[in-house]
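The values are calculated or read from the model by the stated rules, or taken from the named source; none is laboratory data. Keep in mind it's a predicted model, so treat the numbers as computed, not measured. Cβ coordinates were reconstructed from backbone atoms using ideal geometry, including for glycine residues, and neighbour counts include every protein chain displayed. The accessibility values were calculated without ligands, DNA or RNA, using every heavy atom of the protein model including side chains. Shrake-Rupley method; radii C 1.70, N 1.55, O 1.52, S 1.80 Å.
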Amino acid sequence: MEEVVANAKDVLNIVDFGTRAALNIIALALLVSLIYYPKHKNKDFIFTFVIFNIINFMICYLLGSAKIKIGFAFGLFAIFSIIRYRTILVSIKDMGYFFICVALGMLNSLASVKDDFVMLIICNAVILVLTFFLERLDFLKNENSKDILYDKINFIKPQMRAELIGDLSERTGLPIHRVEIVSIDYLKDVASVKAYYYSTESDSLFEETNDKDDKYD
């Protein structure tokens, strides 16, 4: 009798693992193939997303006993929070996708399924739908900036601001809408100017990240 009960528990555990794994893989596939890749076209990050999600799912499922679920999950998040890519620059949006992949693995492996996976499926659907719509908010624009060493110093006068913006827009090809005069060097007849323009992507993120990295290297 005890052997039969043990075998039944083993079967239930296998079914539970298989269902959770299938749900996790489906959610990950939808995230990567339908949301991330069509817009970003970066297969290198797809490898990272998939590997981290699968490994994280297995670790959480095998080690996530009832008594350590919450602490274990927060511990993993603390570990992942200190991960930093030094060889390449990673945008905030890519790190956001990385966080989603890690969270999906934790959610699908540790969440309670007393309602036959209904709430777990709903949570996965909410995450995917929310990510899909946020990814496609193209009407929201970023205000980016570039530091420019400007040589036409006669245009830096306040009354010549329109001419300055027009000249910078023509020479850089950027839709500049405002500028700030950072510093003026009258000996060299140049001025340091910060030009601001709108775009759908954050162009200045990588430059700022690179500058900070150089300070610590």
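Restricting attention to helices (runs of 4 or more DSSP H) lying wholly within segment 15-118, give those where 1 or more residues are more than 19 Å from Leu134 (Cβ to Cβ) and at pLDDT below 90.
43-63, 69-81, 92-110
Go through segment 129-140 residue by residue and tally those that are modelled with pLDDT under 85 and surrounded by 13 or more Cβ atoms within 10 Å (Cβ to Cβ).
1
Of the residues that sit in segment 97-128 and are of a type in the set (A, V, I, L, M) and surrounded by fewer than 12 Cβ atoms within 10 Å (Cβ to Cβ), which one is farthest from the chain's Cα centre (by Cα)?
Out of the qualifying residues, it is Val118.
Quick check, is Lys188 open to solvent by 60 Å² or more (accessible area, probe 1.4 Å) and assigned to a loop (DSSP other than H, G, I, E, B)?
Against the criterion (open to solvent by 60 Å² or more (accessible area, probe 1.4 Å) and assigned to a loop (DSSP other than H, G, I, E, B)), Lys188 qualifies.
Val179 passes all but one of (1) open to solvent by 80 Å² or more (accessible area, probe 1.4 Å); (2) modelled with pLDDT of 90 or more; (3) not small (Gly, Ala, Ser); which number fails?
Val179 satisfies all of (1) open to solvent by 80 Å² or more (accessible area, probe 1.4 Å); (2) modelled with pLDDT of 90 or more; (3) not small (Gly, Ala, Ser) except (1).
Give me a count of the residues in segment 141-157 that are modelled with pLDDT of 85 or more and acidic (Asp, Glu).
2
Report, ordered by the first and then the second residue, all pairs with beta carbons closer than 8 Å, sequence separation of six or more or different chains, a first member in segment 153-175 that is closer than 20 Å to Tyr186 by Cα and of a type in the set (Phe, Trp, Tyr), and a second member that is open to solvent by 80 Å² or more (accessible area, probe 1.4 Å) and part of a helix (DSSP H, G or I).
Phe155/Glu163
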